[in-house]
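Coordinate-derived values only; no laboratory data. Please read all numbers here as calculations on a predicted model, not as lab measurements. For neighbour counting, all protein chains shown are included, and Cβ atoms are generated from backbone atoms with ideal geometry for every residue, glycine included.
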Amino acid sequence: QVQLVESGGGLVQAGGSLRLSCAASGSIFSLISMGWYCQAPGNQRELVATITNGGATTYADSVKGRFTISRDNAKNTVYLQMNNLKPEDTAVYYCNARTVSGAVWGQGTQVTVSS
């Protein structure tokens, strides 16, 4: 089993930056990819970005050019660097891990962007 612990959310003004971290522990060998999703009140959870074990990345169109996902394999940690944040980025951000046994979710971290 893989466990995920997120950190780095908070309150920031529009145009500001935040970096989210997600540390994985447990059955690391079973990881296929990791990523970030967000869920705003009243909305469904949406993909933000993913990164595979080989480093291939995908991004939602709304964050391309502003957010960067990266991973430190030595630390089993995935990061989401969020720049030029907008009020519409306000949501709970969840770390996700795809494993050979299925998907694992973190507890979520709140990101609030004020205008």
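Relative contact order of the chain, taken over Cα pairs closer than 8 Å and 6 or more residues apart, is 36 percent.
By average Cβ neighbour count within 10 Å, what is the ranking of 83-90, 33-40 from highest down?
On the way: 83-90: 15.6, 33-40: 20.6.
In decreasing order of mean packing, 83-90, 33-40 become 33-40, 83-90.
Label sites at A56 and N83, each approximated as a point 7 angstrom past Cα along Cα to Cβ, lie 2.6 nm apart. Each Lys and Arg Cβ is given +1 and each Asp and Glu Cβ -1; about its Cα centre, the chain then shows a dipole of about 160 debye.
Summarising the overall dimensions of the chain from its C-alpha atoms, the Rg and Dmax are 13.4, 42 angstrom.
Isolated cysteines of the chain, defined as having no other cysteine beta carbon under 4.7 Å away, are C38.
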